[in-house]
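What follows is a single structure, written as structure tokens, with notes after it.
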Amino acid sequence: MLLRLADRLPDQHLWRFRDWLAGDAADVIAQLLPGTLVRERIGLEDDEHRLLAEALLPLGADPAMVNAVLPAEPGTTPQHAFTTESPGNPVADSALLVLGATLRSRPGVREVRNSWRSTDGGAAKLVLLVTASADVVGLTGEIQRVLRALGEPEPRVEVLPPEQEPTAYHRAALAESALVCAGAEELAGRRG
């Protein structure tokens, strides 16, 4: 569900929810995510609302709060623009070098890519896109912790499982991304 909210949920909330999920705190997310969606006025499509209820109600989410999440209204999604051109952010550039060295040839990782996202004309922010088949949740948390340790206050990490169709947001980011490194799965495919 968090992947589907990447284009709407503010970065300050998204990375925390993903970090909590990686730390086995799904019950905390079940309690807090519906209220955050209501407070931030983030609407959901019918299928997204069904997925939210199916995922969070068994974990103890308040049914009234889940039902209070607004329906999506056309034109309310922030407009994101992606580019491969770095704005010269030294923290992000260093982070890409560290992550490239850390994730290169790693089992369960196919590709690591980066893009720069600006929202409604704001400053460009690094988005890391990883296609991975193993421990997607744990890998997301690990990469976010590395980025925070390197000085990125709100890491934007999108670990995409191969069996899930990317959202429009992720397709746009991937279309305007640069390869950071290849993981073991990608290298094995090239050797085969």
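The values are calculated or read from the model by the stated rules, or taken from the named source; none is laboratory data. The structure displayed is predicted, hence computed values, not measured ones. Quick reminder, even Gly has a Cβ in these numbers, built from the backbone with ideal geometry, and neighbours come from all protein chains shown. All accessible areas refer to the heavy atoms of the entire protein, side chains included, with ligands and DNA or RNA removed. Shrake-Rupley method; radii C 1.70, N 1.55, O 1.52, S 1.80 Å.
Brief remarks follow.
- Among residues other than residue 44 with Cβ under 13 Å from its Cβ, the summed charge is -4 (Lys and Arg +1, Asp and Glu -1).
- Percentage, to the nearest whole number, of Cα pairs in the chain over 20 Å apart: 56
- DSSP bridge orientation in the chain - percent antiparallel, rounded to nearest 5: 75
- Here the dipole of the range 23-119 is about 460 debye; that uses its Cα centre as origin and unit charges on the Cβ of Lys and Arg (positive) and Asp and Glu (negative).
- 5 angstrom amide H check on residue 132, placed H, neighbours 5+ away: 110, 160
- Comparing Cα centroids, the range 113-192 and the range 1-65 end up 20 angstrom apart.
- Expected 222 nm ellipticity per residue - DSSP helices of 4 or more, -39500 (n - 2.57), all of the chain, to 500: -13500 deg cm²/dmol
- Table column - 3J(HN,Hα) (Hz), the range 161-178, Karplus curve with 6.51, -1.76, 1.60, x for Gly and Pro: x, x, 7, 9, 5, x, 6, 4, 4, 5, 4, 5, 5, 5, 5, 10, 10, 10
- Dipole magnitude of the chain, debye to nearest 20 (Cβ charges: Lys/Arg +1, Asp/Glu -1, about Cα centre): 560
- Heavy-atom surface of the chain, accessible at 1.4 Å and reported per residue (Å²): 50
- Of all accessible heavy-atom area on the range 1-87, the percent that carbon and sulfur account for (1.4 Å): 51
- Relative protection proxy for 57-64, 100-107, 141-148, from highest mean packing down: 141-148, 100-107, 57-64 (other beta-carbon atoms within 10 angstrom).
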